[in-house]
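For reference, the structure discussed in these notes is given below.
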Amino acid sequence: MHILKNRDFLRYYFKLTLPVMIQQLLVNLVSMCDTLMISSVGEDAISAVAVANKFFFIYSLAIFGLTNGVGLYISQYYGANDQTSYNRVFRYGNVLCIIVGALVSVFLFVNPEITISIFVKNPRVIAMGVEYVEVLRWCYIPFAIAGMCSVAFRVMGHPQIPMVSGLVAFITNVVLNYLLIMGNFGFPQLGVAGAAIATCISRWVEMILLLVIVNRKDSRIRMHVAYGKLPFSLKKDIIAKAIPLMCNEVMYSLGLSIVFLNFSFMSESSIPALTVVDNINNLVYVLFSGCGVAIGVMVGSELGANRIDKAKENAKNMIWMALLTYAIGSALILITSGITPKAFSLRADSLHLATLLLIVKSLLSWTQGYSNTIYYILRSGGDTKSVLIIDGLFTWLGPVLTSTIFSRIFPIDFLFLYIAVEAMGLVKVCIATMFYRKEKWIRNLTQHA
């Protein structure tokens, strides 16, 4: 492959992606450590935390869509070397994040039970899940602000900053998990609540650290410096791009939550195995995670600088890198599928199911890597309508519809249901390729704003 001979591309690619990969690895290790430590409490505890995190998953992807919608403007204005504009956009993005975070937090204070009871009926699991949510709801706003700061640093080519903040958050979380879940070194044994407290504190620590870095004198992106107000017309343009991305992520995450609901409807006892498989598979996503950031810089910034041919060349290279990355990661999962689930305290039947699901995942996860790469390429040029179709809308017409039919209307064996849902990724590859080749994503947003 010619891309492996392009040393300049590879050097810049790894400069951008390695810090993000490390940060994402830390995030996933936190989740895995939570599951490992919680598994010592029991499988009910694993199910409770997994279900409780479904609502946070929806929220986190909504923030992901919002911050990255704002981030594509920061990226292109940064590429155009317009410091005033990208600082105004950054500040506006934080305001939007605070508003969304506040609204969701209020909802969780009013009715936390609903986020658990729609997924499971086991009273013990519901009670433990509510206990987790009642703590976690205090960190929704800090999570959003940290997300906006992280996106800004990444699209400006400084992914090492959120990597450092992620490392500090990781250490904080793991240490507090060890102290609070099992009650080590004289600390109270809080179980599920201890895991929630550890996660909440770590997210506050991450936000505070990022805000300190943002407000340094030598930072190119600042919160307290007066850059003036963002023009109303540009606010409208940002909203017009960010809202579809945010809606897409909400549709996507809601869709995956309904797929999970259909899985649990078929077999509530499968939740621990599904949780373990997701934790292990996320380690493959670590390898891919840097691709999205690299696309924002290597494609988005080139579009903002009006270097269209270079942007197109970088986009093609990114597709090849994503496929290569997922091929390596999937091979690792397949080879270790009979070993890694044994690290978790699962019953024999759950352990066997987790191994089979990992094999299925390893054979089809490349479709996710390819489609996600196209998603980031389309998004870098502001083609949010196509993103909405291939991601959010497809999730409902593909995995959601498939899982609903084969779990509730024409029920089949759980393993075959899982295979059918995962195989929808092959259809998504074809649709994503079609939108990529239309080239509606090749746009300089700084000339349209």
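Based on the mean of other beta carbon atoms within 10 Å per residue, what is the order of 117-128, 14-25, 68-79, most packed first? Intermediate values should be presented prior to the final figure.
Working: 117-128: 16.8, 14-25: 20.7, 68-79: 28.5.
Result, highest mean Cβ count within 10 Å first: 68-79, 14-25, 117-128.
Averaging sequence separations of C-alpha pairs under 8 Å and six or more residues apart, then dividing by the length of region 327-449, give the relative contact order as a whole percent.
32 percent
In the chain, what percent of the accessible surface is made up of carbon and sulfur (1.4 Å probe, ligands and nucleic acids excluded)?
67 percent
Given the options L401, L61, L283, state which has the largest fluctuation in a GNM of the chain using a 10 Å cut-off (strictly under) for Cα springs.
In this elastic network of the chain, the residue with the biggest mean-square fluctuation among L401, L61, L283 is L401.
Using a 1.4 Å probe and counting only protein heavy atoms, arrange I58, I197, I99, I390 so the residue with the most accessible area comes first.
Output order, biggest surface exposure first: I99, I197, I58, I390.
Here are some pairs, K15/K235; K15/K229; K241/K438; K361/K438; which of them have Cα atoms lying more than 28 Å apart in this structure?
K15/K235; K15/K229; K361/K438
Roughly how many Å² is the accessible area per residue of region 149-262, as a whole number, for a 1.4 Å probe?
Averaged over the residues of region 149-262, the accessible area is 44 Å².
What is the packing order of peptides 182-193, 417-428, taking the mean over residues of other C-beta atoms within 10 Å and listing the highest first?
417-428, 182-193
How large is the accessible surface per residue of region 5-112, computed with a 1.4 Å probe and reported in Å² as a whole number?
38 Å²
Any chance you could look up the accessible area of E134 with a 1.4 Å probe, heavy atoms only, rounded to 10 Å²?
80 Å²
Please state, rounded to one decimal and in Å, the Kirkwood hydrodynamic radius that region 371-449 gives when every pair of distinct Cα atoms enters the mean of 1/r.
13.8 Å
So for region 34-100, Kirkwood radius off the Cα pairs, Stokes-Einstein at 37 °C and 0.692 mPa s: how many µm² s⁻¹? All intermediate terms of the calculation are to be shown ahead of the outcome.
Values: Rh = 14.3 Å.
The calculation lands on 229 µm²/s.
Measuring from the lowest to the highest alpha carbon on each principal axis, how far does region 135-242 reach, largest first, in angstroms?
The Cα atoms of region 135-242 stretch 55, 30, 21 Å along their principal axes.
Any idea how far the Cα center of region 251-285 sits from the one of region 7-58, in Å?
Cα centroid of region 251-285 versus Cα centroid of region 7-58: 14 Å apart.
Which of the aspartates and glutamates could be linked to K310 by a straight reach, that is with a Cα gap under 19 Å, when you skip same-chain ones fewer than 8 residues away?
Straight-distance partners of K310: D8, E302, D383, E439.
What accessible area per residue comes out for region 301-350, rounded to a whole number of Å², with a 1.4 Å probe? Each step should come with its number before you reach the end.
Details: 2500 Å² over 50 residues.
Solvent-accessible surface per residue comes out at 50 Å².
Please compute one quarter of the surface area of the Cα convex hull for region 362-413 and express it in square nanometres.
Reported value for the Cα convex hull: 4.3 nm².
Normalised radius of gyration for region 313-449, please: alpha carbon Rg relative to 2.2 N^0.38 Å, two decimal places.
Numbers: Rg = 17.9 Å, N = 137, 2.2 N^0.38 = 14.3 Å.
The reported ratio for this selection is 1.25.
Which peptide among 299-306, 259-266 comes first, and what is the full order, when sorted by highest mean count of other Cβ atoms within 10 Å?
The most tightly packed comes first, giving 299-306, 259-266.
Using a Gaussian network model on the chain with a 10 Å cutoff between Cα atoms, which of A343, A45, A322 fluctuates the most?
A343
Can you pull the Rg over Rh of region 71-213, Cα-only, Kirkwood?
Result for region 71-213 is an Rg/Rh of 1.07.
Quick one: check the C-alpha center-to-center distance for region 327-381 versus region 176-217, whole angstrom.
Distance between centres, Cα-based: 29 Å.
The values are calculated or read from the model by the stated rules, or taken from the named source; none is laboratory data. Source: prediction; values computed, not measured. Quick reminder, even Gly has a Cβ in these numbers, built from the backbone with ideal geometry, and neighbours come from all protein chains shown. Note: areas computed on protein heavy atoms with side chains; ligands, DNA, RNA excluded. Shrake-Rupley method; radii C 1.70, N 1.55, O 1.52, S 1.80 Å.
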